[in-house]
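Following: one structure in structure tokens, then a few remarks.
Coordinate-derived values only; no laboratory data. The structure displayed is predicted, hence computed values, not measured ones. Counting neighbours? That spans all protein chains shown, and the Cβs are built from the backbone with ideal geometry, glycine included.
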């Protein structure tokens, strides 16, 4: 399947179809499957870097602005941070954990 | 002497008053449920009423369908949750209303168009449905608890749960340990946080052990079982790993955002306070010595 297109000009926001909670320093994300029973869910968690990005996904801040903010906080080249951010967003979009809001 | 029309059962400190328009005989419900009968009407009481005939007093809901998997369709409509046995054997939707619950599951009405199942007896669920686990899992989420797909035992007044997939050997493990304590269940265990103490409780759901206990005990360890040629317990220090192992084993009733938020908070507290182990065990039964030292 083709990776979802991520644009630095877009804003992103957590989907209504997930529940998240910080547990032991990581953000744990559970998709709402709406099913009955005890089948395994596709649990997803975000480490420290992912958590920093997650907290900035407010639907109003563009990805470009998020990269800029992270450059101020983390000691890494901008192109590396940009790659990490777009990579994570591709995965979050593919899993329908976030939705796009064009700026 | 009049015919018995109601019994009270207790599970995880919740009392369930079961009433019926039909006589409830000693063998109406399966033998496995009998130890859960009680005379103690706790303050946390819910009522399940069985009716004969069709649900003529209730209107089939036209609102949000929250579950649709044959044979069931489940709707939430304002104050009620309604269960419809939606499909005929040929797959046609027939929408026969079988149960109506209040949103908090405190009051339920079950309808029996035919009394045959009731009269045959040996029913394995108080709701007379396939299982009571969805009801109890829903109740527990409002009470700092959840239902865990696991075996559980009370050993030396301490609670142990044995967690694993369906073929991991949960039943074998509890049967091996039976002589040392009480089997709470070999397939579903209720977990509750009562005033800061994590406790486990027996249930009658699923499993193959014919005798299970309604007892409870403070939870001493979460044991993720592995079949092995030796007996040892390896402490899991990474809480994310515990979470990844635990969450898929939690019974999820109509798992909406509210249920998940409450359950994640309960699980978060649990894994902070109760140690988790990979429990490797052979078939000798010597794993009891490992557990004694936890």
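Results, tabulated for the structure shown:
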item	result
A:51, B:25, B:32 arranged by Cβ crowding within 10 Å, fewest neighbours leading	B:25, A:51, B:32
Average beta carbon contacts from partner chains per residue of B:236-246, 10 Å cutoff	2
Of A:50, A:87, A:25, the one that fluctuates the most in a GNM where chain A has Cα springs shorter than 10 Å	A:25
Chain B: most fluctuating residue of B:70, B:218, B:248 per GNM, C-alpha cutoff 10 Å	B:70
Relative contact order (%) - chain B, alpha-carbon pairs under 8 angstrom, separation at least six	15 percent
Selected from B:235, B:279, B:219 as most flexible by GNM, with chain B as the system and alpha-carbon contacts under 10 Å	B:235
Protection proxy ranking of B:265-274, B:181-190 - average other beta-carbon atoms within 10 Å, highest first	B:181-190, B:265-274
Relative contact order of segment B:60-202, pairs being alpha-carbon contacts under 8 Å that are 6 or more residues apart, as %	14 percent
Distance between segment B:231-269 and segment B:194-216 - C-alpha centres, whole angstrom	18 Å
Taking B:149, B:50, B:112, A:55 and counting other C-beta atoms within 10 Å, the order from fewest to most	A:55, B:112, B:149, B:50
Cα long-axis angle, helix B:257-273 against chain B (0 to 90 degrees, to the nearest 10)	20 degrees
Of all DSSP beta bridges in the protein assembly as shown, antiparallel share, percent nearest 5	75 percent
Degrees between helix A:63-73 axis and first principal axis of chain A (Cα, 0 to 90, nearest 10)	70 degrees
Computed E for residue B:6/residue A:8 - FRET, C-beta separation, R0 51 angstrom, nearest 0.05	0.20
Residue mean of other protein chain beta carbons inside 10 Å, B:134-140	1
Residue B:13-residue A:69 pseudo-label distance in nm [points 7 Å out on the Cα-to-Cβ vector]	4.2 nm
Average other protein chain Cβ within 10 Å of Cβ, residues B:263-276	2
Relative exposure of B:67, A:12, judged by other C-beta atoms within 10 Å (fewest first)	B:67, A:12
Angle between chain A longest axis and helix A:78-94 axis [Cα atoms, degrees, rounded to 10]	20 degrees
Residue B:120 paired with residue B:39, simple spin-label distance in nm, labels 7 Å along Cα-to-beta-carbon	3.4 nm
Anisotropy class of chain A from Cα gyration tensor, a/c 1.5 cut	prolate
For a label point 7 Å along the Cα-to-beta-carbon line of residue A:47, residues of segment B:224-250 with backbone N under 14 Å	B:240-241
